[in-house]
Every structure is written in structure tokens, then in C-alpha cells.
Amino acid sequence: MSFFVTKYTGLHRVFRLGTYVSIKQMQPASGHERRYASTSEENRRIPKIYTKTGDKGFSSTFTGERRPKEDHIFEALGTTDELSSTIGLAREFCIDSGHSFTDQLEKIQCILQDVGSNIATPRSSARDSHIKKTMFSSQAVMELERWIDSFTEELPPLTNFILPSGGKSSAALHVARAVCRRAERRSYIIYYSVAPAVRSGETDPEVAKYLNRLSDYLFTVARYAAVKEGKGETIYKRPE
């Protein structure tokens with residue numbers, strides 16, 4: 001299952017492979033008290049994690065359109081979820097190692113939620129209100145480029161092919177980078193999932209551009225993590 005959350009008219013909207021349900025934010029009643037639902041009326045307000053709407057192999061986009069689960073829209077959603085998950089795992093390693101860029105990784109995960117919302121809104125069935133709510137900003141692409149340039153200034157020139165290596169943080173970031181590259185081919189993560197949609201005008205082209213730039217960022221920050229931890233990168237050597 002893939003889940004994407006986006007804010008919408010005061011509610012949180014959770015996308016499950018394109019199907020969405022609205023969830024009100026639950027806050028403590030007052031002070032330090034935590035009130036748990038106890039009446040049957042309160043229990044009815046809590047949505048179940050399973051919806052059963054996809055049991056027959058179809059799911060819904062944000063626009064309400066029903067499509068087969070193998071549709072490239074849902075393939076892209078699942079791939080984006082996988083990418084966010086791998087970044088989340090890499091971030092945990094980076095936190096343990098005391099790296100300074102963990103906030104960037106968290107922001108990227110949040111932006112990937114917006115990527116998922118955009119993907120789940122195919123233009124062919126979207127109204128203007130749908131497009132406005134899930135619009136993707138080009139500012140996110142430019143921010144990645146600034147981060148890449150900043151880290152690159154502190155790295156030694158890349159003169160050889162390197163293998164995924166350089167310690168746990170770096171290696172985990174390389175895994176995320178490899179998953180993100182599947183963002184640029186269909187049988188790998190987002191490119192062949194997202195790019196056909198972009199070419200058909202179904203999604204914002206800035207989404208594909210962001211995913212392309214993100215793989216460059218993850219490669220760069222993986223090298224940066226190795227340098228900061230004093231871990232050597234493994235250079236490719238042609239086997240004898």
C-alpha cells in the first residue's frame with residue numbers, strides 16, 4: 001500500500017494508491033489531558049485503515065477517476081512512496097552520524113508527499129480546483145540545485161567511477177539515489193512511471209524535473225557523507 005498525505009481545506013487527505021480518505025487532526029482535549037474516543041458516535045468518526053475499494057483491482061485518483069491498479073499513475077505513486085521510505089531509512093543513519101543535512105532530507109520527504117498529490121491528479125480528469133490544490137512549485141527544483149552546488153564545493157573532484165560505499169549513511173543514500181533513478185525509467189522507479197504521464201500532459205513536468213534533480217542531490221550528499229565521516233569511497237576497478 002502507498003500513502004500520501006496532503007493538506008486540503010483544513011483536513012489531512014491520505015492517498016492510498018490514489019484512493020483518498022479525509023482525516024481530521026486529533027489534538028488533546030486540553031492541557032496535558034488526552035481524550036480517547038469512547039462512545040459509539042466518536043468511534044464512527046475514526047476512519048478504518050482499510051477501505052476495500054481496491055479489492056477488485058481498481059483504485060481512484062484524487063479527481064475521482066477509477067483506474068486499474070497497474071496504471072502508470074499508481075505505479076508512480078508506489079514508486080514515490082518507496083523513494084520516500086528509502087530516504088527515511090538513510091536519514092536515520094545520517095542522524096546517528098550527526099550529519100547537518102538531515103533537515104534537508106526531511107523536507108525532501110515532505111515535498112515527495114506533494115509529488116504524490118500531483119501525480120494522483122491526472123490532468124485529463126482534473127478540474128481547475130484539483131490542479132490548484134495540487135500544483136507543484138519549481139522553487140523546489142531550484143532549492144535542490146543550490147544544495148547540490150553547496151555540497152559540491154566541499155567535495156574532491158570526481159575522477160573515477162565509484163561504487164556505493166563510504167559508510168552506512170553514504171551507502172543508504174546511494175540506495176535512495178538508485179531508487180530515485182528508477183524514477184526515470186518505467187521498470188525502475190519514477191521516470192518510466194512518471195515520464196509517460198508527463199508526455200501525455202497528465203502531470204506537471206516540474207515533477208519529473210524534480211525527481212531527476214533529486215537523484216543528483218542524493219548522489220552528491222552520499223559522497224559528502226562519506227567525506228565527513230572520513231570513510232573512503234570504493235573506486236571501480238576493472239576485474240582482471
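The values are calculated or read from the model by the stated rules, or taken from the named source; none is laboratory data. Bear in mind that the values here come from a model prediction, so they are computed numbers and not experimental data. Here Cβ is always computed from backbone atoms with ideal geometry, including for glycine, and neighbour counts include all displayed protein chains. We work out accessible area using only protein heavy atoms, side chains counted, and drop any ligands, DNA or RNA first. Shrake-Rupley method; radii C 1.70, N 1.55, O 1.52, S 1.80 Å.
Considering only residues in the stretch 131-173 that are more than 23 Å from residue 90 (Cα to Cα) and touching a helix residue (DSSP H, G or I) at 6+ places or on another chain (Cβ under 9 Å), the one that is modelled with the highest pLDDT turns out to be 138.
Looking only at the stretch 73-87, decide whether some residue is free of Cβ contacts under 8 Å to residues at least 24 places away in the same chain, buried (at least 23 other Cβ atoms within 10 Å of the Cβ) and part of a helix (DSSP H, G or I).
Step one: filter the stretch 73-87 for residues free of Cβ contacts under 8 Å to residues at least 24 places away in the same chain, giving 85.
From what's left, buried (at least 23 other Cβ atoms within 10 Å of the Cβ): none.
No, the stretch 73-87 contains no residue that is free of Cβ contacts under 8 Å to residues at least 24 places away in the same chain, buried (at least 23 other Cβ atoms within 10 Å of the Cβ) and part of a helix (DSSP H, G or I).
Just so you know, in the stretch 89-116 the residues that are β-branched (Val, Ile, Thr) and free of Cβ contacts under 8 Å to residues at least 24 places away in the same chain include one that is surrounded by the fewest Cβ atoms within 10 Å (Cβ to Cβ), and it is 95.
Any residue in the stretch 36-49 that is modelled with pLDDT of 90 or more and open to solvent by 60 Å² or more (accessible area, probe 1.4 Å)?
First pass over the stretch 36-49, keeping only residues modelled with pLDDT of 90 or more: none.
Checked the stretch 36-49: no residue is modelled with pLDDT of 90 or more and open to solvent by 60 Å² or more (accessible area, probe 1.4 Å).
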